[in-house]
Amino acid sequence: MEKIAFFDAKPYDREWFDKINKKHEIIYYECRLRPESARLADGCKAACAFVNDVINAKTIDALSEMGVKVLLMRCAGFNNISLDAAKGKLTILRVPAYSPYAVAEHAMGMILALNRKIPRAYIRTRDFNFSLVGLTGFDLHGKTAGVIGTGKIGQAFIDICKGFGMEILAYDPHPADINGVRYVETDELFRQSDIISLHCPLTRETRYIIDEGAINLMKKSALIVNTSRGQLIDSEALLSALNDKRIGGAALDVYEEESGLFFEDNSDKIVTDEVLSLLVSRPNVLITSHQAFLTEEALRSIAEVTLQNFDDYLEGKEPKNEVKAK
């Protein structure tokens, strides 16, 4: 039996990892993984981390000094890891896909809620205000969806859009053979799309793929939805466009400065992030707290793949989900 130091543990994490785990001792910590907390992994073979943990060179060195050999990422993204620093010190294993349907369905749910003003209508009717003034949306049928990133999640989202009778434009450096989808460059996608949905990883090339220039190309009625990574969007540029009515609205499940805020209850604190505070206050912005992945099926898959990655490592099998520096 090997020990796993599990960081940033939430009740839903514990539930599913305890259900799936049959072999190892998992030590749960509520704190995030960072240089100061890495010492908690002393005596553990593996550390398990999540999207907003700080896994820089200092963290990696500290884990290595504690005897940790494997970093188990219970997520697909790894942009928060210093891969160069991990060379020769840690084997990094991730969960490349858990439930693409979970994320794609949440993206469409946010679009529907934003477009048809469902949160506003819900709040009104709780006060027995049944006025329809200000709640007008538009039909999705016949509109154009622009999808950036056509991996498994992007393709699942495209299937949903087709069900609504939408036209599909897509951008991806590695196009897939998808019936009924026309690949275009980003400028054309921005100009033509009524809805723009981000399903790409965060890389040097995709950071701020939605910036001032991109927004200026978009229709004034366009809706942006982001269920991928916060830094795909320049938040200040987005806020400026919303204030100037140069864009229809935004649905954000992620935010570029979400670390320390998302996944936590901050209702009794003063949030000093002015951009986020202003975005939350806008009537044409819908924000959820990085919850697109949060379904029973996805949580089960994350636990299964994370633990299987560790078992494969211990058994000397070729790690199929390893992440390395290029």
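Restrict the check to the stretch 148-159 and report whether at least one residue is free of Cβ contacts under 8 Å to residues at least 60 places away in the same chain and more than 28 Å from F50 (Cα to Cα). Yes, there is a match, as at least one residue in the stretch 148-159 is free of Cβ contacts under 8 Å to residues at least 60 places away in the same chain and more than 28 Å from F50 (Cα to Cα). The residue pairs whose first member lies in the stretch 210-223 and is modelled with pLDDT of 95 or more, whose second member is of a type in the set (D, E), and whose beta carbons are closer than 8 Å, counting only pairs six or more residues apart or on different chains, are I210/D234; D211/D234; E212/D234; L217/D187; K219/D194; S221/D194; A222/D194; L223/D194.
For F130, state whether it is touching a residue at least 60 places away in the same chain (Cβ under 8 Å), in a loop (DSSP other than H, G, I, E, B) and either open to solvent by 40 Å² or more (accessible area, probe 1.4 Å) or not aliphatic (A, V, I, L, M) (or both). Outline the logic, then answer.
Working: touching a residue at least 60 places away in the same chain (Cβ under 8 Å): no; in a loop (DSSP other than H, G, I, E, B): yes; either open to solvent by 40 Å² or more (accessible area, probe 1.4 Å) or not aliphatic (A, V, I, L, M) (or both): yes.
No.
For first residues located in the stretch 259-285 and more than 15 Å from A241 (Cα to Cα) and without any contact (Cβ under 8 Å) to a residue 40 or more places away in the chain, partners that are outside any loop (DSSP other than H, G, I, E, B) and open to solvent by 40 Å² or more (accessible area, probe 1.4 Å) and lie 6+ apart or on another chain with Cβ distances below 6 Å form the pairs V271/S277. The strands (runs of 3 or more DSSP E) located wholly in the stretch 1-105 that include 1 or more residues which are in contact with a Phe, Trp or Tyr (Cβ under 8 Å, 6 or more places away or on another chain) and open to solvent by 40 Å² or more (accessible area, probe 1.4 Å) occupy 25-28.
Wholly within the stretch 197-314, which helices (runs of 4 or more DSSP H) include no fewer than the required count, namely at least 2 residues that are acidic (D, E) and open to solvent by 40 Å² or more (accessible area, probe 1.4 Å)? Give the steps one after another, and end with the answer.
On the way: elements: 212-217, 235-243, 274-281, 296-314.
Hits in the stretch 197-314: 296-314.
When the stretch 85-127 is filtered for residues that are under 30 Å from G67 (Cα atoms), without any contact (Cβ under 8 Å) to a residue 60 or more places away in the chain and among the charged types (D, E, K, R), only K89 remains.
The values are calculated or read from the model by the stated rules, or taken from the named source; none is laboratory data. Source: prediction; values computed, not measured. Please note: Cβ atoms are built from the backbone with ideal geometry, for glycine as well, and neighbour counts cover all protein chains shown. Side chains are part of the model used for accessible areas, which takes the heavy atoms of the whole protein and leaves out ligands, DNA and RNA. Shrake-Rupley method; radii C 1.70, N 1.55, O 1.52, S 1.80 Å.
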